[in-house]
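Undergrad: Okay, handing you the structure first.
The values are calculated or read from the model by the stated rules, or taken from the named source; none is laboratory data. What you see is a predicted model, and the numbers here were worked out from it, not measured in a lab. Because the Cβ atoms are built from the backbone with ideal geometry, glycine has one as well, and the counts that use them run over all protein chains shown. For the accessible areas, the whole protein counts, side chains as well, though only heavy atoms, and no ligand, DNA or RNA atoms are used. Shrake-Rupley method; radii C 1.70, N 1.55, O 1.52, S 1.80 Å.
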Protein chains: 2
Amino acid sequence: MSLEQLSSNKVFDGQLIKYKFKSAALGGLDAQFNLFLPANALAGTKVPLLTYLSGLTCTEDNAAQKGNFLGPAAKEGIAILFPDTSPRGAGIEGETDSWDFGVGAGFYLNATNPKWAKHYNMLTHVTLELPQVIEAASLPIDLTRQSIFGHSMGGHGALTLYLSSVLGGVKQYRSCSAFAPIANPTNCPWGQKAFSGYLQGGIEEAKEKYDATELIKKLGKEPVHILVDYGTADNFYKNGQLLPENFLKAARDTGYDEVQVRVRSQDGYDHSYYFMSTFGADHVHFHANFLKA
Amino acid sequence: MSLEQLSSNKVFDGQLIKYKFKSAALGGLDAQFNLFLPANALAGTKVPLLTYLSGLTCTEDNAAQKGNFLGPAAKEGIAILFPDTSPRGAGIEGETDSWDFGVGAGFYLNATNPKWAKHYNMLTHVTLELPQVIEAASLPIDLTRQSIFGHSMGGHGALTLYLSSVLGGVKQYRSCSAFAPIANPTNCPWGQKAFSGYLQGGIEEAKEKYDATELIKKLGKEPVHILVDYGTADNFYKNGQLLPENFLKAARDTGYDEVQVRVRSQDGYDHSYYFMSTFGADHVHFHANFLKA
């Protein structure tokens, strides 16, 4: 798992570094990620890690360039990890036919359908392999302080990885936030297509493991720290791909109040990076509350 | 010159609107631009206009997405105009052969070589046509309060358009700033290639009209307000494409002090949007001092 540094750009007194390595979780394919290290980390301090999961069609670059996260993270002294959204170059038949399935659309799960199971394991890649790689490379990261956020498919990823880690008693992440997440994927076309393809158990398997609205119902009194923003002019929201109301209702039914699970409807905002950049600083500061506590 | 609205995205409580129109200055071709209107403009207040000129290969989109200007402009209540970097679709032989000449590389001049003169008139497009179009459409902009900035080729554009307007006594712009500008283009390969192609009078014509280092020497005691940032890890700087020291020396020789012409060397930064996003807020606030005076 030796890391190759592909590039490094100074930004907000820190460095955004792009790395490549051979990913065991992704079946031996080359995987890339970006890591933003703030100035205090470059000076040797171990800093908290905020993982950002991107949406459909994105790579590790889009949000690093357009999310408006790096300035706020520099101020807070927090590192941000930007993984890719799927394996690249697996060569599986049909993997590049759709923009919402296969390449660029890994859905942050571990595939159980044998056709995809060797390579499409973004869950293990994000939660276990990347932290291991970071640790093995002695990067200045304190892995006992992690949080996670994401957009759209990556909002789904952030919520499900966070809730699963709370449910499993692992508590890998201290807090979770999402922009326009696919919040109830077993009830929307994007999720149904992905789960039917990647999972041998299809939708039923996904209800157990990969649906934020289902997962939060299984929680009892475990404290959670979740912030969700979505825009009312988001066409994917209007077309029923996101369903944040379902997630909100499940959270309230489970007994979580608006301090523990805050879901904000943002008037007039759409699904784009313009929406995200507007609330990017807000989300970074939300996580800083827990990462620096 | 009727404006067609192609899209609108809410961002930082304002709107980023993309327009298209038939451009007389560009020989009747369709031209596009983005305009960021802050919330106070949407509510009916006429706001100042800051024009941003992009660098080689860019369109009207890149800096709107990656420059980190919109949040600061929203705070200041300033509109930002993002023009394109050249005509599109002129169909002139050879215009798409290079990334640093022709399409995406208009250099903010009016071509005098007959081959290019019908279409390649970004100077008139930016300084006269776009303000006319904005006024004709009754957009909430106060054109008596304008400033200009840009990056690389666009930094060259910002400096030359600003200095020319001061020299001509027009004073269209109250202040000027630039990131990594091509500051002495008659002495660098990019400028020499562009001027030899676009201008019948070649480099000599460019020295008269389109070289910031030459233009500032012609000024006497006219007050100017100029801020320039460049990075020491910028490969184009290291390869002699930018030459900010030449501009700085000409400014000092002319008698301008560091309040009127401030040129900052930023340690370790490169030519990318990561550099620009770091100092984007700084530049917007610099212009706000004059636009809101």
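Undergrad: If the label for B:A136 sits 7 angstrom from Cα along the Cα-to-Cβ line, what are its distances to the same label in every other copy, in nm to one decimal, shortest first?
TA: Spelled out, the distances from B:A136's label point are 6.3 nm.
Undergrad: Let me ask another. Antiparallel DSSP bridges in the protein assembly as shown: what percent, to the nearest 5?
TA: Within the protein assembly as shown, antiparallel bridges account for around 50 percent of the total.
Undergrad: Mind putting a number on the dipole of segment A:2-290 about its Cα centre? Charges go on the C-beta only, +1 for Lys and Arg and -1 for Asp and Glu, and I need it in Debye to the nearest 20.
TA: Numbers: 24 positive and 29 negative charges, 90 e Å.
I would put it at about 440 debye.
Undergrad: Provide Rg and Dmax in Å for segment A:3-90, with only Cα atoms included in the calculation.
TA: When restricted to Cα atoms, segment A:3-90 yields Rg and Dmax of 13.1, 39 Å.
Undergrad: Please give, to one decimal in nm, the separation of the simple spin-label points placed at B:T96 and B:K118, each 7 Å out from Cα toward the Cβ.
TA: Simple spin-label model gives 1.8 nm for this pair.
Undergrad: With +1 assigned to the C-beta of every Lys and Arg and -1 to the C-beta of every Asp and Glu, and no other charges, what is the dipole magnitude of the protein assembly as shown about the Cα centre in debye, to the nearest 20?
TA: Values: 50 positive and 58 negative charges, 150 e Å.
Dipole about the Cα centre, nearest 20: 720 debye.
Undergrad: Let a ≥ b ≥ c be the square roots of the eigenvalues of the Cα gyration tensor of segment A:142-182; is it rounded (a/c under 1.5), or, if not, prolate (a/b larger than b/c) or oblate? Walk me through the numbers on the way to the answer.
TA: On the way: a/c = 3.19, a/b = 1.61, b/c = 1.98.
Because a/c hits 1.5 or more and a/b fails to exceed b/c, segment A:142-182 counts as oblate.
Undergrad: Considering only A:A39, A:A180, A:A105, give the residue with the highest GNM mean-square fluctuation for chain A, with springs between Cα atoms whenever their separation is below 10 Å.
TA: Highest fluctuation of the listed residues: A:A39.
Undergrad: Among all the lysines, which ones have a C-alpha under 27 Å from B:K46's C-alpha, if same-chain residues fewer than 8 places away are not counted?
TA: The qualifying lysines are B:K10, B:K18, B:K20, B:K22, B:K66, B:K75, B:K171, B:K292.
Undergrad: While we're here: Using the 7 Å Cα-to-Cβ label point, sort the distances from A:K118 to its equivalents in the other copies shortest first and give them in nm to one decimal.
TA: 5.7
Undergrad: Could you work out the equivalent-ellipsoid semi-axes for segment A:2-290, taking the square root of 5 times each eigenvalue of the Cα gyration tensor, largest first, in whole Å?
TA: 26, 23, 18
Undergrad: Name the shape class, rounded, prolate or oblate, that the alpha-carbon gyration tensor gives for segment B:173-293, where a ≥ b ≥ c are the square roots of its eigenvalues, rounded holds for a/c under 1.5, and otherwise prolate holds if a/b is larger than b/c and oblate otherwise.
TA: Oblate, since a/c reaches 1.5 and b/c is not below a/b.
Undergrad: Among residues other than B:K18 whose Cβ falls under 9 Å from its Cβ, what is the net charge (Lys/Arg +1, Asp/Glu -1)?
TA: Working: positive: B:K20; negative: B:E60, B:D61.
Around B:K18, the surrounding residues sum to -1.
Undergrad: Is the shape of the protein assembly as shown rounded, prolate or oblate, going by the alpha carbon gyration tensor and its root eigenvalues a ≥ b ≥ c, with a/c under 1.5 for rounded and a/b larger than b/c for prolate?
TA: On the way: a/c = 1.99, a/b = 1.87, b/c = 1.06.
In terms of gyration-tensor shape, prolate.
Undergrad: Sticking with this one: What is the interface area between chains B and A, defined as buried accessible area summed over both chains with a 1.4 Å probe, reported in Å² to the nearest 100?
TA: Working: alone 11340 and 11340 Å², together 20890 Å².
Protein heavy atoms only, the B-A interface buries about 1800 Å².
Undergrad: What is the Cα centroid distance between segment A:20-58 and segment A:93-131, reported in whole angstrom?
TA: Taking the Cα centre of each part, segment A:20-58 and segment A:93-131 sit 17 Å apart.
Undergrad: Between segment B:202-265 and segment A:218-293, how far is it from one alpha carbon centroid to the other, in angstrom?
TA: So the two Cα centres are separated by 48 Å.
Undergrad: Right, another one. Put a point 7 Å out from Cα along the line to Cβ at A:Q260; what are the distances to that point in the other copies, in nm, shortest first?
TA: Label-point distances to the other copies, shortest first: 6.6 nm.
Undergrad: With n ≥ 4 as the cut-off for DSSP H runs, can you work out [θ] at 222 nm for chain A, using -39500 (n - 2.57) per run divided by the number of residues, rounded to the nearest 500? Intermediate results must be reported in sequence, preceding the final value.
TA: Working: 12 runs with 100 residues, N = 293.
The helix-only estimate for chain A comes to -9500 deg cm²/dmol at 222 nm.
Undergrad: Where does the longest stretch of chain A lie that holds no trypsin sites (Lys or Arg not before Pro) found in a DSSP loop with 14 or fewer other Cβ atoms within 10 Å?
TA: Values: sites that count: A:K171, A:K218, A:K221, A:K292.
For trypsin sites (Lys or Arg not before Pro) (loop position, at most 14 other Cβ atoms within 10 Å), the longest site-free span of chain A is A:1-170.
Undergrad: Work out the charge dipole of segment B:48-166 with +1 on the Cβ of Lys and Arg and -1 on the Cβ of Asp and Glu about the Cα centre, then indicate which of B:T96, B:S54, B:I78 is farthest towards its positive end.
TA: Going by the Cα projections, it comes out as B:I78.
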